[in-house]
Every structure is written in structure tokens, then in C-alpha cells.
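Shown next, in C-alpha cells, is the structure this report addresses.
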Amino acid sequence: MGDISAAMNAPRRSRGPAHFGRLYDASADPWRFRDSMYERAKYRQTIAALEGRSFSSAFEVGCSIGVLTRMLAPRCAALLAVDIVEQPLTAARAACADQPWVRFARMQVPGEWPAETFDLIVLSEVLYFLSPADIAAVADRIAGSLVQSGVVLLVNWRGSSDDPCTGEEAARVFIRRTRGWLEPRTHLNDDAVDDGRLAGYRLDLLIRR
């Protein structure tokens, strides 16, 4: 009984490179970003949430194979997209080869972070892979990188998994940490069907005061 209690109360750890390396070793597109109707509909809603706004410098965390990156690029004069492992970045670079203002890098946030400022930061389907402490650290990093009136766009899957956080918890931790300097402007719960499961996603758009 004591062992079970200790396991339940153990600190939650963020998913590391080894976890994602195994996923990409098994499949070049583990979440079916290219052909999933759920993903495509979610991407369209993600772009629509930006309401036609253009950005001078954007940062996408967790770009994977670059499907969303390619959709974001036409709205950005410059775009830095990063992933925790190198495997998907080859496909991402190929996907955006005709968009030379897009740069890719391997980066493990929040421990690694670009020394730049941005007016758009996108965290799509990435926060729930982090522990609550690391989500708070990401928020603190953004506080030093996001310009006045800059936009943060969160998208989080609402299904259940064994990841460190649920999507709902991840969004709540981030929004609570940024209260006072990020103003929530758009909130959407979409009850989409993902691979036959009713789960959907939560989208939050916040703007720096």
C-alpha cells in the first residue's frame, strides 16, 4: 500500500527526448498529422483563431514534421520552429523548403530557449507533455520573449493519457501562471472525434497587455 501511495504522489516528470525518439523510430508521423481529418480540422481552426493577423517574428514549439508550420508561415515574416528531437525536423525542413523565412532547430524547452523576441508564440499539442513545474517555467520564458500586444496560442488535446498533465490541466496551469500580463481573448472547446474517440481539443488565444 505504501509503494502505491508513493507512486501516486511522486513528482510528475516532463517527457524527454528518449520518449519522442521511440515514437519517431516507430513511425515518421506518429500522430498522423498529414492525413488525420481531426488534425486538419484542428489546424484550420488554429489558423482561423489568428483572425487574419500577420506577425513579424513567430516561435512554434513542438513543430514535429512541419504540417502546422507550413500553414503558419504565410502569416509570418520570420518563423522559428523547434522540436525536442531531430528525427521529424528533416521532414519539416522539406515541407517548408520553399519558405526560406522559416528556420528549424532542435530544442528542449523550457531548459533551452531562443534569445529572441516574438509577437506570436504557438504551443500546439505540447504543454501536456510537460510537468506542471515546466509549464510554469515555459510561461516565465515567454514573459521575457513576448513583445507588447504579442499573441500566445495554446492548443491542447482533451482526451486522457498517461502524460504528465491532461490538456485541460496544462492550459489552466499556463493561464494561471500568466495572469496579470496575458489577457485571454479566445477560448474554444471543440468536441471533435479523434480516431473514433470523442475527445476534441481546447484552444486558447491570449494577448500581452
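Computed over segment 35-125, the convex hull of the alpha-carbon atoms projects to a mean area of 5.8 nm².
Spin-label pair Gln45-Glu86: with each label point 7 Å from Cα along the Cα-Cβ axis, the two points sit 3.7 nm from one another. Sorting 177-188, 157-168 by their mean Cβ neighbour count within 10 Å, with the most densely packed peptide first, gives 157-168, 177-188. For segment 103-209, which whole percent of the accessible surface, found with a 1.4 angstrom probe, sits on carbon and sulfur atoms? Heavy-atom surface of segment 103-209 belonging to carbon and sulfur, 1.4 Å probe: 47 percent.
The modelled label-to-label distance between Arg106 and Glu183, using points 7 Å beyond Cα along the C-beta direction, is 4.2 nm.
In plain terms, if you count all Cα to Cα distances in segment 142-184 and split them into 5 Å steps from zero, the share in each step is 5, 20, 28, 20, 14, 10, 4, 0 percent. Estimated at the nearest 10 Å², the accessible area of Met71 is 60 Å² with a 1.4 Å probe.
Considering only Cα atoms, the convex hull volume of segment 60-189 works out to 111 Å³ per residue. Between Asp98 and His19, the distance separating the two model label sites (each 7 Å from Cα on the Cα→Cβ line) works out to 3.6 nm. Among Gly200, Ser161, Ile142, pick out the residue whose Cα is farthest towards the positive end of the charge dipole of segment 85-209, where Lys and Arg carry +1 and Asp and Glu carry -1 on C-beta, about the Cα centre. The listed residue farthest towards the positive side: Ile142.
Surface exposure of the chain, expressed per residue as accessible area with a 1.4 Å probe, stands at 48 Å².
Once you charge only the Cβ atoms, +1 for Lys and Arg and -1 for Asp and Glu, what is the size of the charge dipole of the chain about its Cα centre, to the nearest 20 debye?
Values: 26 positive and 26 negative charges, 95 e Å.
Taking the Cα centre of the chain as origin, the dipole is about 460 debye.
With a 1.4 Å probe and all protein chains kept in place, how do Asp140, Asp83 rank by accessible area, largest first? Each step should come with its number before you reach the end.
Details: Asp140 75, Asp83 10 Å².
Accessible-area ranking of Asp140, Asp83, largest first: Asp140, Asp83.
Rg/Rh for segment 78-133: what does it come to with C-alpha atoms and Rh from Kirkwood? Don't skip to the end; give the middle numbers.
Numbers: Rg = 12.2 Å, Rh = 12.6 Å.
Rounded to two decimals, Rg/Rh equals 0.96.
The spread of Cα positions in segment 135-209, taken along each principal axis and listed from longest to shortest, comes to 41, 23, 16 Å.
I want the local charge near Leu182. Using Cβ-Cβ distances under 11 Å, sum +1 for each Lys or Arg and -1 for each Asp or Glu among the other residues. Don't skip to the end; give the middle numbers.
Working: positive: Arg176, Arg177, Arg179, Arg185, Arg208, Arg209; negative: Glu183, Asp204.
Charge balance near Leu182 sits at +4.
Here the translational diffusion coefficient of segment 27-75 follows from Stokes-Einstein with Rh set to the Kirkwood radius across Cα pairs; for 10 °C and 1.306 mPa s it amounts to 135 µm²/s.
The values are calculated or read from the model by the stated rules, or taken from the named source; none is laboratory data. The structure presented is a predicted model; accordingly, all values stated were derived computationally and were not measured. Glycine also receives a Cβ, built like all others from the backbone with ideal geometry; neighbour counts cover every protein chain displayed. The protein model used for the area step is the full one, side chains on, heavy atoms only, and it has no ligands, DNA or RNA in it. Shrake-Rupley method; radii C 1.70, N 1.55, O 1.52, S 1.80 Å.
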